[in-house]
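Student: Next up is a structure, given as structure tokens.
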Amino acid sequence: MTEVTVIATAYNNGPYIKRCLDSLANQTLKDIKILIAYDTGSKDDTFKICDRFVREHYNAKLLITPHMYLGSSRNYSAAEVNTKYLAFVDGDDAYMPNAMQDMYEAMIKENASMVVGDSLFIYQTGKTRFAPGTFYNKDESEFICGPMAHPMLFEKDEYLKYMKCVENRKTSEDLTTGIFATIFARKPYHLKTLVYEYYVNPGSLLREVTSENAAGIVDDAIYALSQVIEHKDKISPERWLIIREFFAWLLLSKMLESSMIKDRDLRIKMATKVKETFMNELLPDWKETHRVHQVYHLPLVRKLIGFFEEGNFGDKYIKFTESRSMKTIVFASRVYVYRGLRDYLAARKSKEKG
């Protein structure tokens, strides 16, 4: 049996969990271990589906966990793994058939201790969006991993020592995992291959940012940044520029999400918290913009820095979030992403022909 365990977290995933588990059963890398972390807080038929799967697959095991946040569930389950390598999948997502084989073989060939692949975001409308697993600097000499605990293959011991998800936070639990993987892994490696399918379903945080949960999402992201800054002395200057760029985009996207909060005072409070974090932690060494290949926030950076440095921030922010320029920036960001997907697919098609 190979030295790979894939942990599938299962919580209220009834409509999707079979697709997830079937994607693991159909991996071209045979005899991987499948550990299903079933959360006892589930209210649907997730358990029934998982139990049936385990009965039908000798290499699958069901781990019953207390009700906990996703980051806590991943860490709890990882401690139960008895193989050298581990990977994660959310119960409503799936791995492509070649994923584990490609990542495992890359791990061995490159003598790496962590391998990250690329993802495809799939929306209910049928639209898709390519999401590289990394952010590079200009000359692609340095990179950081994206803000997810997947699509990655970890050495188990390294994950448990350095890269564990943030616990007891409802969102942004894996924002630090990829960055810590880049910083602390003996040798991180980017496998430029699509391996993961991220389904944006109803209830997904990529889709369901609401007036009720926006404040918590913003607060969790700021907390994640604080965790990374604690280790800034261990980060090379070139890599820090990429991290800074990523968190600038992240914070400013959270500024957008703050606009979802209906309560005007709370909206200003959270936006001000983002502003202060940006000004205190990121702007002081913002000597020049080091654009990375997936970041598209530059117009927003310029616009908001102007607001940050002027007085009467609250009223200006409220006016901005209700303006046409806000909609224009959001639309432009989507165009950039879809253009990136188009270019990627064109390059892939050309490679296949060659």
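Student: Go through (1) at positive phi; (2) surrounded by fewer than 17 Cβ atoms within 10 Å (Cβ to Cβ) for T40 and report which single condition fails.
Tutor: Condition (1) is where T40 drops out.
Student: Which residues, counting only those in region 68-101, are surrounded by fewer than 20 Cβ atoms within 10 Å (Cβ to Cβ), in contact with a strand residue (DSSP E or B) (Cβ under 8 Å, 6 or more places away or on another chain) and among the polar types (S, T, N, Q)?
Tutor: Listed by number, the residues that qualify are N82, T83, N98.
Student: Oh, and also: Can we say I122 is among the hydrophobic types (A, V, I, L, M, F, W, C), under 21 Å from E245 (Cα atoms) and in contact (Cβ under 8 Å) with a residue 12 or more places away in the chain? Working first, answer last.
Tutor: Working: among the hydrophobic types (A, V, I, L, M, F, W, C): yes; under 21 Å from E245 (Cα atoms): no; in contact (Cβ under 8 Å) with a residue 12 or more places away in the chain: yes.
For I122, the condition - among the hydrophobic types (A, V, I, L, M, F, W, C), under 21 Å from E245 (Cα atoms) and in contact (Cβ under 8 Å) with a residue 12 or more places away in the chain - is not met.
Let's see how each residue does on (1) among the hydrophobic types (A, V, I, L, M, F, W, C); (2) outside any helix (DSSP H, G or I); (3) in the same structural domain as D220 (by TED's automatic domain parsing):
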position: P97; (1), (2), (3): no, yes, no
position: E105; (1), (2), (3): no, no, no
position: S119; (1), (2), (3): no, yes, no
position: F130; (1), (2), (3): yes, yes, no
position: S141; (1), (2), (3): no, yes, no
position: H150; (1), (2), (3): no, yes, no
position: L160; (1), (2), (3): yes, no, no
position: R169; (1), (2), (3): no, yes, no
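Student: Return the total of residues in region 209-227 being modelled with pLDDT under 75 and acidic (D, E).
Tutor: Residues that pass the stated criteria total 1.
Student: Okay, next question. When the residues of region 79-95 are narrowed to those that are outside any loop (DSSP other than H, G, I, E, B) and among the small types (G, A, S), which ends up farthest from V6 (Cα to Cα)?
Tutor: The qualifying residue farthest from V6 (Cα to Cα) is A94.
Student: Moving to a separate point now. Whether any residue in region 179-201 is modelled with pLDDT under 80, within 16 Å of the chain's Cα centre (by Cα) and under 22 Å from V116 (Cα atoms) is what I want to check. Let's see the steps before the verdict.
Tutor: Keep residues of region 179-201 that are modelled with pLDDT under 80, which gives 201.
Restricting the remaining residues to those that are within 16 Å of the chain's Cα centre (by Cα) gives 201.
Now restrict to residues that are under 22 Å from V116 (Cα atoms): none.
The answer is no, given that none of the residues of region 179-201 is modelled with pLDDT under 80, within 16 Å of the chain's Cα centre (by Cα) and under 22 Å from V116 (Cα atoms).
Student: So T65 clears everything in (1) farther than 30 Å from Y189 by Cα; (2) exposed (fewer than 15 other Cβ atoms within 10 Å of the Cβ) except one condition, right? Which one?
Tutor: All conditions are met except number (2).
Student: Another question, then. Taking E142, is it buried (at least 16 other Cβ atoms within 10 Å of the Cβ), of a type in the set (D, E) and in contact with a Gly (Cβ under 6 Å, 6 or more places away or on another chain)? Break it down into steps so the answer makes sense when it comes.
Tutor: Working: buried (at least 16 other Cβ atoms within 10 Å of the Cβ): yes; of a type in the set (D, E): yes; in contact with a Gly (Cβ under 6 Å, 6 or more places away or on another chain): no.
So E142 does not fit the description; no.
Student: Within 24 Å of L175 (Cβ to Cβ), crowded, with 20+ Cβ neighbours inside 10 Å, at pLDDT 95 or above and among the hydroxyl-bearing types (S, T, Y): does that describe Y104?
Tutor: When the stated conditions are applied, Y104 does not pass them.
Student: Answer yes if at least one residue in region 78-89 is under 20 Å from the mean Cα position of the chain (by Cα), of a type outside the set (A, V, I, L, M, F, W, C) and at pLDDT 95 or above, and no otherwise.
Tutor: Among the residues of region 78-89, at least one is under 20 Å from the mean Cα position of the chain (by Cα), of a type outside the set (A, V, I, L, M, F, W, C) and at pLDDT 95 or above, which makes the answer yes.
Student: For K187, all conditions in the list (1) farther than 30 Å from I49 by Cα; (2) of a type outside the set (D, E); (3) buried (at least 23 other Cβ atoms within 10 Å of the Cβ) hold save one; what is the number of the exception?
Tutor: Unmet for K187, out of (1) farther than 30 Å from I49 by Cα; (2) of a type outside the set (D, E); (3) buried (at least 23 other Cβ atoms within 10 Å of the Cβ): (3).
Student: Also, I was wondering about something else. Could you tell me how many of the residues in region 16-50 are free of Cβ contacts under 8 Å to residues at least 24 places away in the same chain and either assigned to a loop (DSSP other than H, G, I, E, B) or not assigned by TED's automatic domain parsing to the domain that holds G71 (or both)?
Tutor: Residues in region 16-50 being free of Cβ contacts under 8 Å to residues at least 24 places away in the same chain and either assigned to a loop (DSSP other than H, G, I, E, B) or not assigned by TED's automatic domain parsing to the domain that holds G71 (or both): 0 in total.
Student: Is there a residue in region 255-262 that is outside any helix (DSSP H, G or I), of a type in the set (A, V, I, L, M, F, W, C) and not assigned by TED's automatic domain parsing to the domain that holds E167?
Tutor: yes
Student: Being of a type outside the set (S, T, N, Q) and in a loop (DSSP other than H, G, I, E, B) is the filter; apply it to region 51-69 and report the residue that is farthest from A10 (Cα to Cα).
Tutor: Y58
Student: Provide a single number: the residues in region 91-132 that are farther than 22 Å from Y16 by Cβ and in contact with a Pro (Cβ under 6 Å, 6 or more places away or on another chain).
Tutor: Of the residues in region 91-132, 1 are farther than 22 Å from Y16 by Cβ and in contact with a Pro (Cβ under 6 Å, 6 or more places away or on another chain).
Student: List the residue pairs whose Cβ atoms are under 9 Å apart, where the first residue sits in region 82-100 and is more than 11 Å from Y198 (Cα to Cα) and charged (D, E, K, R), the second is modelled with pLDDT of 95 or more and outside any strand (DSSP E or B), and the two are 6 or more positions apart or on different chains.
Tutor: Within 9 Å, the pairs are K84/K156; K84/D157.
Student: Of these, N75, N111, which one is in contact (Cβ under 8 Å) with a residue 24 or more places away in the chain, farther than 16 Å from L24 by Cβ and part of a loop (DSSP other than H, G, I, E, B)?
Tutor: Being in contact (Cβ under 8 Å) with a residue 24 or more places away in the chain, farther than 16 Å from L24 by Cβ and part of a loop (DSSP other than H, G, I, E, B) holds for just one of N75, N111, which is N111.
The values are calculated or read from the model by the stated rules, or taken from the named source; none is laboratory data. The shown structure was predicted, so the numbers you read here are calculated from the model rather than taken from an experiment. Heads up, the Cβs are rebuilt from the backbone with ideal geometry, glycines too, and the neighbour counts pull from every protein chain shown.
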